[in-house]
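What follows is calculated from the coordinates using simple rules that are stated; it is not laboratory data. Note that the coordinates shown come from a computational prediction; the quantities given were computed from them, not determined experimentally. Cβ: placed from backbone, ideal geometry, glycine included. Neighbour counts: every protein chain shown.
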Amino acid sequence: MTAVIVLLFVAGYACIALEHGLKVNKAAVALVMSVVCWVLYMSFCDVYVPRFYADEFAAFSASAAEGSLLDRARAFANEHLLLRHLGDTCEIIFFLMGAMTIVETVDANGGFNFVRDRLGARSKRALLWRIVIMTFFLSALLDNLTTSIVMIMVLRKLVTDHKDRMVYAAMIILAANSGGAFSPIGDVTTIMLWIKGNVSTLGVIAEVFLPSVISVIVPLLLIQGQLKGELRPVADDPSACPSYDFSAKERQWVFWLGVGGLVMVPVFRTLTGLPPFMGILLVLGILWLTTEFFYARKPNVEGSCMQRMGNLLCRIDLATLLFFLGILMTVAVLSEIGVLSEFGRWLEEASDNNAYLVTGIIGIVSSIVDNVPLVAGCMGMYEIAPATVTDPALLNFVQDGTFWQLLAYCAGVGGSILIIGSAAGVVVMGLEKITFGWYLRRISWLALAGYLAGIAVYWLEKQLFF
């Protein structure tokens, strides 16, 4: 049965990777794959549960009602395995749902207008540097997908020439993915590692920040020569300007409460010990109350206004959340049947415990397939080692160990090597009509150079400082 579950996962993974060609939403595939894998596991859990949970199952069987071995194994799996994995997954889902709602509210109410206002420049190269820097740091606070969309919308108001805009858009992809890699809330893979305790807030920022900077500075220096001269001014189109119900001051409140609240979530976790999704829900509630208060002061505004948070909830990308649910619960099955731990041991032997080689390959693979299941799989392969370990091989797997930090960097930055390797790349590809071939010829080698340079800088950091 183990082989059947693995084959099912491989088939489902292939469908997810070929989503655009098959024209089938990957969320649908992930959900079906998840449920079928759990059905197969529960059908043979009397084999797996006694094997991997011998002591716990023996204690459970002693206190459980009489029944067949399969019935008792199913009861144990439901109570101790399925619900635990669902709880771990829902921590990530609720965090992402809250963050998406906050960002959507800020954007819908004009909170990101300041980005456009501060990017104005006549020189093409000066604008490129400003866009890259703004995207890099904004992605660390929001997420790479949302940041890419915001920056592309801003870019269209500043650059008219489509050929030039493609270069700017490509650098937005690189900057968004690099910026999300060093922040605990900047990329879904880093969020996963942070929530589970594989990396800490200060640890990942302190040690991955500089490699992330290098990973985008190297391609930026190499590509800026393609942009020469000054920009043509863009004529304002009054009909294209959206209207907002809030005043400029109220929009600033929405921005600082939303983005500032996201920044404070790691602090909330440190001070209270509560999981991050509780902090994000607190920020969501405060922002919601604030916007409702603003609307209460505007009796002339219709209660059904689409900029109110209650109405903005329908614009949340529920398909993406369901995809995460399906893929993470599928990976949980692979963990429970022992496939991930076995693959982890094989990988250790094949790479001679070289964390740089393993994570470097994972990063390159993430440019082809989705990095969420890759990171989830790695988290299932290896346990977080206690801080007191002395074995050099296990030191890579303590909290903020080399393996976990490199995994955050490689999975995030490696997705930039191909335009289909990240959510940011896919959405920019659609918005700016960038072809796979153009990106492969003009940008992929730049992204790879930055990716490898960042790994080299991380290694140098470890030799000199950590």
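Structure notes:
- Protection proxy ranking, peptides 165-178, 82-95, average beta carbon neighbours within 10 Å, highest first: 165-178, 82-95
- Relative packing of 55-63, 259-267, 407-415, which averages over residues the other C-beta atoms within 10 Å, highest first: 407-415, 259-267, 55-63
- Amide H within-cut-off set for Val398, under 5 Å, with H built and near neighbours excluded: Ala385
- Taken over the range 100-315, the ratio of Cα radius of gyration to 2.2 N^0.38 Å equals 1.09.
- Vicinal HN-Hα couplings computed from phi for the range 209-217 (Karplus, 6.51 cos²θ - 1.76 cosθ + 1.60; Hz; Gly/Pro x): 4, 5, x, 5, 4, 4, 5, 9, 5
- Cα-based helix-to-principal-axis angle, 2-17 vs the chain, degrees rounded to 10: 10
- Between 0 and 90°, nearest 10: helix 318-336 axis offset from the chain longest Cα axis: 30
- Once you divide the Cα radius of gyration of the chain by 2.2 N^0.38 Å, the number left is 1.03.
- Helix 402-413 and the long axis of the chain differ in direction by around 50°, with both axes built from C-alpha atoms.
- Translational diffusion of the range 98-194, µm² s⁻¹ [Kirkwood Rh, Cα pairs; Stokes-Einstein; 20 °C; 1.002 mPa s]: 159
- Flagged links, alpha-carbon separation over 27 Å, of Lys124/Lys249; Lys157/Lys433; Lys26/Lys157; Lys196/Lys433; Lys26/Lys196; Lys157/Lys298: Lys124/Lys249; Lys26/Lys157; Lys196/Lys433; Lys157/Lys298
- Part-to-part distance (alpha-carbon centres) for the range 72-104 and the range 115-189, which is given in Å: 32
- Residue-averaged 222 nm ellipticity for the chain, from DSSP H runs of 4+ at -39500 (n - 2.57), nearest 500: -23000 deg cm²/dmol
- Projected-area average for the range 6-94 over all orientations - Cα convex hull basis, square nanometres: 7.0
- Taking packing as the residue-averaged number of other Cβ atoms within 10 angstrom, the listed peptides 329-337, 439-447 run from highest to lowest as 329-337, 439-447.
- In terms of overall dimensions, the range 1-151 has a Cα radius of gyration and Dmax of 24.0, 78 angstrom.
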